[in-house]
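A.B. asks: Take a look at this one; I'll ask things after.
The values are calculated or read from the model by the stated rules, or taken from the named source; none is laboratory data. Just so we're clear, the structure is a prediction, and the values are computed from it rather than from any experiment. FYI the Cβ positions are ideal-geometry reconstructions off the backbone, even for glycines, and counts take in every protein chain you see. For accessibility, only protein heavy atoms count, side chains too; no ligands or nucleic acids. Shrake-Rupley method; radii C 1.70, N 1.55, O 1.52, S 1.80 Å.
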Amino acid sequence: MSLPKPPLREVVTIDGTNVTLQVKSNPIEHDGVLTGQELFHYLNIFDSKFQPSNYNKADGSPLRLFDAKSVKIDVSKRSKEDMGFWHRNVDYHEVIICVRGALRWETEMGTVVLKEGEMILIPKGITHRSMLCAESLPENVLIELKVAEKLTYVGDNK
């Protein structure tokens, strides 16, 4: 005797509020996407085609992957030199996520070593730079989000 299958649920987030829908079938089982496929992107940021101009030179730029008025998403790969200058972004908060290697971030608010799996938020207007450190690898890979709106930390809210 087989047990009845529980109803399928789909949770939709609308303006930060979760709405739970009961659906009759799996929402991803379909005959294919007819329009809008260009909105879906799957990227391997370790692929050599995603090599920004800051790969060998610290004064190069990270590679812009996505661009919107309020958010920009870049991949940065530091390999050989320190960032020999200070940077201050007055338009965007910078969320930096280390996905490979490690870099030392010197800021007006203190110095931290950012390692794989860690992230840092550098608020608008804060002077900072990245430097190689003992934990750095031959290739240090970062995802950088530039966010125009005010960010509120809610990570400890359960």
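A.B. asks: Modelled label-to-label distance, Val71 and Ser2, 7 Å Cα→beta-carbon offset: nm?
C.D. replies: In this crude label model, Val71 to Ser2 measures out at 4.0 nm.
A.B. asks: In addition: Which entry in [x] 12, 46, 35, 6, 0; [y] 9, 30, 27, 18, 11, 4, 1, 0; [z] 10, 42, 40, 8, 0 is this structure's computed P(r) over Cα pairs in 10 Å bins from 0, in percent?
C.D. replies: [y]
A.B. asks: A follow-up question, please. Among the listed pairs Lys72/Lys124; Lys80/Lys146; Lys49/Lys69, which have their C-alpha atoms separated by more than 22 angstrom in this model?
C.D. replies: Over 22 Å Cα-Cα: Lys80/Lys146; Lys49/Lys69.
A.B. asks: So, one more: Any idea how far apart Thr17 and Leu137 come out in nm if each label point goes 7 Å out from Cα toward Cβ?
C.D. replies: 4.3 nm
A.B. asks: On a straight-distance basis, which aspartates and glutamates could pair with Lys77 in a cross-link, Cα separation under 19 angstrom, same-chain partners fewer than 8 positions away excluded?
C.D. replies: Answer for Lys77, where 19 Å is the Cα cut-off: Asp47, Asp59, Asp67, Glu94, Glu106, Glu116, Glu118, Glu135, Glu139, Glu144, listed by chain and number.
A.B. asks: With a cap of 11 neighbouring Cβ atoms within 10 Å, and only residues DSSP puts in a loop, list the GluC sites (Glu not before Pro) found in region 95-158.
C.D. replies: Working: sites: Glu106, Glu108, Glu116, Glu118, Glu135, Glu139, Glu144, Glu149; in loops: Glu108, Glu116, Glu118, Glu135, Glu139, Glu149.
Passing sites in region 95-158 are Glu149.
A.B. asks: Follow-up question, since we're still on this one. Testing the spin-label approximation: label points 7 Å from Cα along Cα→Cβ at Ser53 and Glu118. State their distance in nm.
C.D. replies: Result for the modelled spin labels: 3.0 nm.
A.B. asks: In addition: How many percent of the accessible area of region 68-151 is carbon or sulfur, using a 1.4 Å probe?
C.D. replies: Carbon and sulfur atoms account for 57 percent of the accessible area of region 68-151.
A.B. asks: Still on this structure, please answer the following. Sort Ile122, Ile97 from largest to smallest accessible area, using a 1.4 Å probe on the heavy atoms of the protein chains.
C.D. replies: Ile97, Ile122
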